[in-house]
Amino acid sequence: MRYELLVLLGLGTVLGHGVFADDTSLDHYNTKIPSEILTPNEVDTSIGTFRFFDGLPDSDTVTAVYDNLDRMRATEAFLDMVPLASIEGLRLGMASLGVDAANKILLYNDLMDSNSLFLTGNTDTIYAIGLLDLQRDGPTVIEVPPGAGPGTLNDAYFRFVIDMGAPGPDRGKGGKYLILPPDYDGEVPAGYFVARSPTYVNWLPLRGFLEDGSTDAAVAMWSDGLKIYPLSESDDPPALEVIDATGKYVNTIHANDENFYREIDAVIQREPVDFLDPELRGNLAAIGIEKGKVFNPDERMQAILKDGVAIANATARALAFRPRSETIGIYGEDSAWFTAFDGGSYQWLKDDGQGGRNKDARTRFFYIATVNTPAMVLEMVGAGSQYALAAQDSQGRYLDGGKTYSLTIPADVPAKDFWSLVVYDPQTRSMLQTSQPYPSKNNTRNRDLVTNADGSTTIWFGPEAPAGKEANWIETVPGKGWFLCLRLYGPLKAWFDKSWRPGEIVAVSDPA
């Protein structure tokens, strides 16, 4: 009966799957219909051929597009939530070493080494790292001692909350900071630098500098001068408990498989519902992650999440190591050096927000790095820090651990405090693990660095040191890639106006 009616209506012959063979006809309209607003009965796409009856998708098409929609949402959720998952990875890693109270910190007494799986951590500053839980502790006090280097507080989505130490409002003179929970509505006592966080969990990385190549002064500064405690315990604050993390294994990196979604679900359940905007929350809810609800994907969704995260992880790695951005290169197309903060905004805004948020730049940064502060972006001559990264040699090829390379750092490096180079593993985005626990060179820590006659310094990379170059050599691993970060602490004008620039990484031999 249905078939006969459709034939009488002139809608064509029915195919076995319920779709009509005739192209969409314009004969059934009383007015002129623009062809571009119509959908043909058959459309070829990158994910298959879609079939329609007069614009109505058949069952196979419906299944295909919903699977694709869920895959897109899963992929986008990964790319959007890398900052959130990275903070959760830090929280879990720190908890594994015993950081379970406000007054407990990780302190790298003898600097961070390659045993720490820590996104582009450095071997050159003395890290004191705390973790706040404002839901557990309420308003929390951080007493920063005088002489502190750059310190920052970031929320659970890796958003900037406040700086401390040299770039903070205490300007390196020390001071008391009061961090308020998102839902705090009580009185705010005087005498503090006050900041309100949008989230309960907050990550606190503080840094001190070497003095004459030694960590002693900074370790004493943090151990004796830093205090972190709930405001409710300010009359009798607990003593700081220091956990020496140097040489200890710890993983602070988020998952790159389907476990990623479990990690972010834990954060969504813990934090206030409005710490993310509705657009981001809606994308998560579409794949089953919603505050107050159990995340329990069925077999179909598990397969889609596994596929989506694989696509997203590959996308993040392309963004990180083969960026297509026209603004990320520091010295143009002829140089491999690129900036960590593409676009020069710690909020990842394009053209001061007129172009919206540069989501690719945000994903790229947090996939390979940590710490979000204006001090890493602003032109602060003689203060703060600046960074340049490279993952390719002078010929545009990925860096190969089986080859030998050279890199010349010209004389008069524009860094008031010091400069350093650290080598990283592209898999973990952490320090490359070799026989050298500190895969780096620093012009103040490495006192035996040999300079050239013109004042420049040539650094060598490879599985073995070139003869006579041992002091200037960083070991790499055959069969593994690597990438590099150049850091300038206290960058000077010549860095910002680009009148000084590092050399390129040049391959001088291939693997045997």
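The values are calculated or read from the model by the stated rules, or taken from the named source; none is laboratory data. Nothing here was measured: the structure is a model prediction, and the numbers come from that model. So basically every Cβ, Gly included, is an ideal-geometry build from the backbone, and we count neighbours across all protein chains shown.
Residue by residue, here is whether (1) of a type outside the set (Phe, Trp, Tyr); (2) surrounded by fewer than 17 Cβ atoms within 10 Å (Cβ to Cβ); (3) in the same structural domain as PHE209 (by TED's automatic domain parsing); (4) at pLDDT below 95 holds:
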| residue | (1), (2), (3), (4) |
| --- | --- |
| PHE418 | no, no, no, yes |
| TYR424 | no, no, no, no |
| LEU432 | yes, no, no, no |
| ASN443 | yes, no, no, yes |
| LEU449 | yes, yes, no, no |
| SER456 | yes, yes, no, no |
| ALA471 | yes, yes, no, no |
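Here is a check on your reading of the model: is ARG159 surrounded by fewer than 23 Cβ atoms within 10 Å (Cβ to Cβ), free of Cβ contacts under 8 Å to residues at least 24 places away in the same chain and not acidic (Asp, Glu)? So ARG159 fails the test. Report, by residue number, each residue of segment 39-53 that is outside any strand (DSSP E or B) and loosely packed, with under 15 Cβ neighbours inside 10 Å. Passing the criteria: THR39, PRO40, SER46, ILE47.
Inside segment 77-103, residues that are buried (at least 19 other Cβ atoms within 10 Å of the Cβ) and outside any loop (DSSP other than H, G, I, E, B) make up a count of 17. If you take the residues of segment 187-233 that are among the hydroxyl-bearing types (Ser, Thr, Tyr) and within 27 Å of the chain's Cα centre (by Cα), which of them is nearest to LEU132 (Cα to Cα)? My answer is TYR200. Mind counting the residues in segment 224-245 that are of a type outside the set (A, V, I, L, M) and buried (at least 19 other Cβ atoms within 10 Å of the Cβ)? Adding up the residues that qualify gives 2. Do we have any residue at all in segment 55-77 that's among the hydrophobic types (A, V, I, L, M, F, W, C), in contact with an Asp or Glu (Cβ under 7 Å, 6 or more places away or on another chain) and touching a residue at least 12 places away in the same chain (Cβ under 8 Å)? Looking for residues that are among the hydrophobic types (A, V, I, L, M, F, W, C), in contact with an Asp or Glu (Cβ under 7 Å, 6 or more places away or on another chain) and touching a residue at least 12 places away in the same chain (Cβ under 8 Å), one finds none in segment 55-77, hence no. Might you check whether a residue that is part of a strand (DSSP E or B), at pLDDT below 95, of a type in the set (Asp, Glu) and buried (at least 16 other Cβ atoms within 10 Å of the Cβ) occurs anywhere in segment 400-409? Checked segment 400-409: no residue is part of a strand (DSSP E or B), at pLDDT below 95, of a type in the set (Asp, Glu) and buried (at least 16 other Cβ atoms within 10 Å of the Cβ). For segment 477-512, which positions are surrounded by 14 or more Cβ atoms within 10 Å (Cβ to Cβ), in contact with a Pro (Cβ under 6 Å, 6 or more places away or on another chain) and not in a strand (DSSP E or B)? The answer is LEU492, ALA494, TRP495, TRP500.
Report, by residue number, each residue of segment 275-299 that is assigned to a helix (DSSP H, G or I) and either in contact (Cβ under 8 Å) with a residue 40 or more places away in the chain or surrounded by 15 or more Cβ atoms within 10 Å (Cβ to Cβ) (or both). If the condition is that a residue be assigned to a helix (DSSP H, G or I) and either in contact (Cβ under 8 Å) with a residue 40 or more places away in the chain or surrounded by 15 or more Cβ atoms within 10 Å (Cβ to Cβ) (or both), then PHE275, LEU280, ARG281, ASN283, LEU284, ALA285, ALA286 are the ones that fit. Please verify whether segment 347-354 includes one or more residues that are assigned to a loop (DSSP other than H, G, I, E, B) and small (Gly, Ala, Ser). No, that holds for no residue.
Of the residues making up segment 364-385, those that are out of contact with any Leu (no Cβ under 8 Å at 6 or more places or on another chain), of a type outside the set (D, E, K, R) and over 21 Å from GLU88 (Cα atoms) are PRO374, ALA375, MET376, VAL377, LEU378, MET380, ALA383. Screening GLY147, GLY98, GLY130 for residues that are within 26 Å of TYR424 (Cα to Cα) and either of a type outside the set (A, V, I, L, M) or at pLDDT below 95 (or both) leaves exactly one candidate, GLY130. Taken together, ALA388, ALA361 contain a single residue that is touching a Leu at 6+ places or on another chain (Cβ under 9 Å), in a strand (DSSP E or B), in the same structural domain as PHE496 (by TED's automatic domain parsing) and under 22 Å from ILE330 (Cα atoms), which is ALA388. Taking the conditions (1) assigned to a loop (DSSP other than H, G, I, E, B); (2) more than 27 Å from ILE129 (Cβ to Cβ) in turn, ALA383 satisfies each one other than (2). May I ask you to verify whether VAL201 is of a type in the set (Val, Ile, Thr) and without any contact (Cβ under 8 Å) to a residue 60 or more places away in the chain? So VAL201 does not fit the description; no.
With respect to the conditions (1) under 17 Å from VAL250 (Cβ atoms); (2) charged (D, E, K, R); (3) within 19 Å of the chain's Cα centre (by Cα), ASP80 lacks only one, and its number is (1).
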